[in-house]
Structures are given as structure tokens and as C-alpha cells.
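S.K.: Can you read through this structure? Questions will come right after.
The values are calculated or read from the model by the stated rules, or taken from the named source; none is laboratory data. Because the structure is predicted, anything quoted here is derived from the model rather than measured. Positions of Cβ are generated from backbone atoms using ideal geometry, with glycine treated the same way; all protein chains shown enter the neighbour counts.
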Amino acid sequence: MKASYKKYILNFKVPSGTSRGVMTQKETWYIILKDENSFGLGECGILRGLSVDDRPDYEQKLAWTCSNIHLGKEELLSELNEFPSIQFGVEQAFLSFHSKDTFELFPSNFTQKESPIPINGLIWMGDTAHMLKQLEQKLEEGFGCIKMKIGAIDFQKEVSILKSIRNNFSPEEIELRVDANGAFEPQEAMGKLEELSEFEIHSIEQPIKAGQWEKMAGLCESTPLPIALDEELIGVFDVTEKQKLLQTIQPQYIILKPSLVGGIKGSNEWITLAEKQQIGWWITSALESNIGLNAIAQYTYSQNTNMPQGLGTGSLFTNNINSPLEVIGGQLFYRHSNVWDTDLIQEICT
């Protein structure tokens with residue numbers, strides 16, 4: 001078996017805003033495994049400015065991984081503990097290499113019988129008009145769960161958008177989630193949570209910046225609406241430390257991005273610990289191409305959860321790799337009538 005890696009730049013169709021800034025491009029990397037008979041492909045979906053493995057030696061570590069592919073998956077994962085996106089790429093590549101179908105990593109009714117995964121519709125930050133336009137589009141597309149990023153524009157304008165939604169749609173008709181990406185100051189967070197709770201919101205992701213365990217614990221204890229940890233999980237490698245984080249903060253939910261938390265192995269550890277403490281969870285993508293999104297979706301389906309997941313990012317890019325993944329009526333399908341763009345994959349991998 002020989003391994004190589006390749007960089008690929010994804011271009012956003014529309015600049016996408018979060019409280020950390022506006023994105024027009026997304027860098028990603030692929031690990032390619034080959035021998036005379038088999039081919040495997042995995043995506044290392046690093047998020048610059050957020051991933052713990054956004055380090056100067058990232059490409060050097062990718063090169064080391066490919067040079068040492070003979071060590072096998074388990075030893076590589078152990079050596080790559082501080083590079084969660086590469087861990088996930090390695091897991092995908094080995095699953096792909098050993099599968100009958102390069103892209104069917106977790107055979108299930110999702111891949112074989114087109115059973116769908118419910119997902120949320122994502123509304124990116126922008127001015128009020130842009131956010132309302134996105135909302136209108138998501139509702140027309142049939143989404144029953146809407147996730148809105150907040151924290152970049154005036155808070156009262158964001159509140160007015162949420163109020164407008166609730167004036168027209170009950171919680172039974174539209175489930176609302178908001179994601180602050182750590183935008184609130186600790187001293188103002190509770191007041192904003194109380195204001196948001198008036199709109200019967202399902203949950204808020206990461207209201208304050210990660211790393212403030214005691215302050216986050218205080219919010220989770222007294223919050224008028226459920227809090228979900230997201231960025232808080234990034235960079236926590238040790239299982240004992242993961243358990244300590246959950247026991248200290250006691251959130252209502254955690255959100256798992258496999259590319260940021262150590263792939264399948266890392267996600268499984270978080271799920272096991274969360275369920276022991278009766279903490280809810282769901283899985284989201286981290287702006288991967290359809291290679292990584294395909295792996296996340298198949299893994300998610302294997303977890304037998306009915307909660308809407310955050311897997312609707314495949315249509316964000318102009319140069320994504322065409323795949324069987326398709327969003328219809330607020331659900332993600334693996335449609336057999338759609339095919340992988342093998343020409344583009346071959347071009348990327350050579």
C-alpha cells in the first residue's frame with residue numbers, strides 16, 4: 001500500500017459569515033491510499049483559525065503520516081493524537097480502502113435503501129435582509145429545523161428575526177436553534193439567554209468563548225434554554241479530561257464535529273461519556289467537501305439518532321465533488337440516481 005496527500009481549495013458560492021469572520025474559501029486535504037487492486041480516500045477537514053491542529057507543521061505531519069502508512073490505522077491514530085482532522089482522514093482512508101465500494105464506509109439503509117437523515121437548515125450571518133432571504137429559502141425548501149448563527153450583527157436585529165419567525169411558526173412547526181460561536185461576554189450572557197428564551201428556542205451553541213469552564217457551568221446550571229457545547233470540545237484529547245469537562249460544566253447537549261474532535265474514535269468517546277451523564281448530542285459537519293461529509297453522514301446514520309443533524313453543508317461550494325448526497329425537504333439522502341464525480345476525484349488524486 002502506498003499513501004499520498006493532496007491539498008484542495010473549496011470556493012464558497014456566497015461569502016459565509018460567522019462571529020469569527022466571513023469565509024470565501026475553505027482549505028482541505030485528502031489522503032489517498034493505493035495498491036494494485038484497491039483505492040482509498042479520506043478527507044482531513046482542517047478549519048483554519050478554529051481547529052486545534054491549525055499549526056505550522058500540519059503539512060509536515062501529513063507527509064509523515066503517508067510515509068508511515070505501514071504502521072497501520074491504530075498506531076497512526078495514537079501518534080496523531082494532536083491532529084484530529086488527520087486522524088479522521090486516516091480513518092476514512094482505511095475504511096474506504098477496505099470497503100467493497102470506495103464510498104460506502106458504513107453499509108446501512110442510508111446507503112442501500114435511501115433512508116434519510118433529518119437535518120437543520122443553516123442561516124449564515126449577514127445583514128438583516130440577507131438573513132431573512134436565507135430564512136425564506138430554507139422554509140420554502142421544507143426544513144422543519146432552522147439553525148441561525150448569531151453574534152455578528154446587532155443583537156436586537158437578530159432578536160427581531162427570531163421574533164418574526166415565532167410570530168409565524170410555532171415550535172411544533174419550526175424548531176429553532178441558534179449558534180453564538182462564543183460571541184457573548186460572560187457578564188451579558190445570561191441576560192441574552194433570557195431574552196432568547198422568549199422564542200422557545202431548542203438550544204444555543206457555545207454562548208461564551210471556550211475555556212471558561214466555571215463560567216459556562218454557571219450558565220448551564222441556571223440557563224432558561226438548553227446550552228450545547230461546540231468549540232469547548234476542541235483540543236480535549238484525553239478521555240479523563242473529557243469526562244472532567246462534562247462533569248464540571250454539565251451541559252444540556254454537546255455537538256460533535258468529527259474533523260475537530262478526532263474522527264470516529266474521538267466522537268465515540270464523547271458520545272459514551274455524554275450518555276452516561278444523560279447529556280444529549282448531535283453531529284455536524286465542519287465545512288468538509290462531499291468526501292468528508294459522506295463519511296460523517298454514514299457514521300451519523302449508524303448511531304440511530306432521530307434528532308436533526310448539522311449535515312446540510314454540501315451545497316455551499318462551487319467546486320465540490322458531485323456525489324449521491326442530496327438534501328430534499330429538510331432531509332439528507334444518499335440517492336443512487338446521483339453519482340460520484342470520478343473524473344474530478346481522479347484529477348485531485350493524481
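S.K.: Restricting the range 24-50 to residues that are of a type in the set (Val, Ile, Thr) and not in a loop (DSSP other than H, G, I, E, B), which is nearest to Gln60 (Cα to Cα)? Talk me through it step by step, then tell me what you get.
M.R.: Looking only at the range 24-50, we keep the residues that are of a type in the set (Val, Ile, Thr), and these are 24, 28, 31-32, 46.
Those left that are additionally not in a loop (DSSP other than H, G, I, E, B): 24, 28, 31-32.
Details: Thr24: 25, Thr28: 15, Ile31: 13, Ile32: 16 Å.
The selected residue is Ile31.
S.K.: Still on this structure: Being free of Cβ contacts under 8 Å to residues at least 40 places away in the same chain and of a type in the set (Asp, Glu) narrows it down to one of Glu74, Glu104, so name that one.
M.R.: Details: Glu104 fails: free of Cβ contacts under 8 Å to residues at least 40 places away in the same chain.
Only one candidate passes the filter, namely Glu74.
S.K.: Moving to a separate point now. Only residues that are under 16 Å from Phe88 (Cα atoms), without any contact (Cβ under 8 Å) to a residue 60 or more places away in the chain, in contact with a Phe, Trp or Tyr (Cβ under 6 Å, 6 or more places away or on another chain) and not charged (D, E, K, R): list them for the range 21-66, please.
M.R.: Selection gives Leu62 alone.
S.K.: Can you give me the number of residues within the range 104-145 that are buried (at least 22 other Cβ atoms within 10 Å of the Cβ) and in contact with a Pro (Cβ under 7 Å, 6 or more places away or on another chain)?
M.R.: Summing the residues that are buried (at least 22 other Cβ atoms within 10 Å of the Cβ) and in contact with a Pro (Cβ under 7 Å, 6 or more places away or on another chain) in the range 104-145 gives 2.
S.K.: Another question, then. Looking at (1) assigned to a loop (DSSP other than H, G, I, E, B); (2) more than 28 Å from Gly45 (Cβ to Cβ), which is the only condition Met190 fails?
M.R.: Against the list (1) assigned to a loop (DSSP other than H, G, I, E, B); (2) more than 28 Å from Gly45 (Cβ to Cβ), Met190 comes up short only on (1).
S.K.: Then there is this: Give, as residue ranges, the helices (runs of 4 or more DSSP H) completely inside the range 246-333 that count at least 3 residues that are in contact with a Ser or Thr (Cβ under 7 Å, 6 or more places away or on another chain). Quick ask: steps written out before the conclusion?
M.R.: Working: elements: 258-261, 263-276, 290-302.
Because the criterion is at least 3 residues that are in contact with a Ser or Thr (Cβ under 7 Å, 6 or more places away or on another chain), the helices (runs of 4 or more DSSP H) in the range 246-333 that meet it are 258-261, 290-302.
S.K.: Could you look through the range 146-156, keep only residues that are under 14 Å from Leu132 (Cα atoms) and at pLDDT 85 or above, and pick out the one that is surrounded by the most Cβ atoms within 10 Å (Cβ to Cβ)?
M.R.: Of the range 146-156, the ones under 14 Å from Leu132 (Cα atoms) are 146-150, 153.
Those still in the list that are at pLDDT 85 or above too: 146-150.
Numbers: Ile146: 24, Lys147: 24, Met148: 23, Lys149: 23, Ile150: 27.
Result: Ile150.
S.K.: Given the condition touching a Leu at 6+ places or on another chain (Cβ under 6 Å) and farther than 30 Å from Arg55 by Cα, answer yes or no: does some residue in the range 215-223 qualify?
M.R.: Filtering the range 215-223 down to residues touching a Leu at 6+ places or on another chain (Cβ under 6 Å) leaves 223.
Right, trim to farther than 30 Å from Arg55 by Cα and you get 223.
Yes: the range 215-223 contains one or more residues that are touching a Leu at 6+ places or on another chain (Cβ under 6 Å) and farther than 30 Å from Arg55 by Cα.
S.K.: Next up: Sort out which residues of the range 231-245 are outside any loop (DSSP other than H, G, I, E, B) and more than 19 Å from the chain's Cα centre (by Cα), and write them in order of number. So that I can check it myself, show each step before the final result.
M.R.: The initial filter retains those residues of the range 231-245 that are outside any loop (DSSP other than H, G, I, E, B), namely 231-233, 239-245.
Correct list: Val239, Thr240, Glu241, Gln243, Lys244, Leu245.
S.K.: Confirm whether Leu225 is touching a Ser or Thr at 6+ places or on another chain (Cβ under 6 Å) and within 24 Å of Gly144 (Cβ to Cβ).
M.R.: Yes.
S.K.: Check Glu104, Glu82 and return the single one that is under 23 Å from Asp238 (Cα atoms) and not in a helix (DSSP H, G or I). Give the derivation first.
M.R.: On the way: Glu104 fails: under 23 Å from Asp238 (Cα atoms).
The unique qualifying residue is Glu82.
S.K.: In this structure, does Gln206 turn out to be outside the structural domain of Gly21 (by TED's automatic domain parsing), modelled with pLDDT of 95 or more and on the phi < 0 side of the Ramachandran plot?
M.R.: Details: outside the structural domain of Gly21 (by TED's automatic domain parsing): yes; modelled with pLDDT of 95 or more: yes; on the phi < 0 side of the Ramachandran plot: no.
In short, no.
S.K.: Here are some conditions: (1) within 25 Å of Gln187 (Cβ to Cβ); (2) outside any strand (DSSP E or B); (3) in contact with a Pro (Cβ under 7 Å, 6 or more places away or on another chain). Leu225 meets all but one. Which one does it not meet?
M.R.: Single failed check for Leu225: (3).
S.K.: Under 6 Å by Cβ, and 6 or more places apart or on different chains, what pairs join a residue from the range 157-170 that is at pLDDT below 90 with one that is surrounded by fewer than 16 Cβ atoms within 10 Å (Cβ to Cβ)?
M.R.: Final answer for the pair search is Lys157/Thr128.
S.K.: Could you pull out the residue among Val327, Val239 that is surrounded by fewer than 16 Cβ atoms within 10 Å (Cβ to Cβ) and either in contact with an Asp or Glu (Cβ under 9 Å, 6 or more places away or on another chain) or of a type in the set (Phe, Trp, Tyr) (or both)? Steps first, answer last, please.
M.R.: Values: Val327 fails: surrounded by fewer than 16 Cβ atoms within 10 Å (Cβ to Cβ).
Just one listed residue meets the conditions, Val239.
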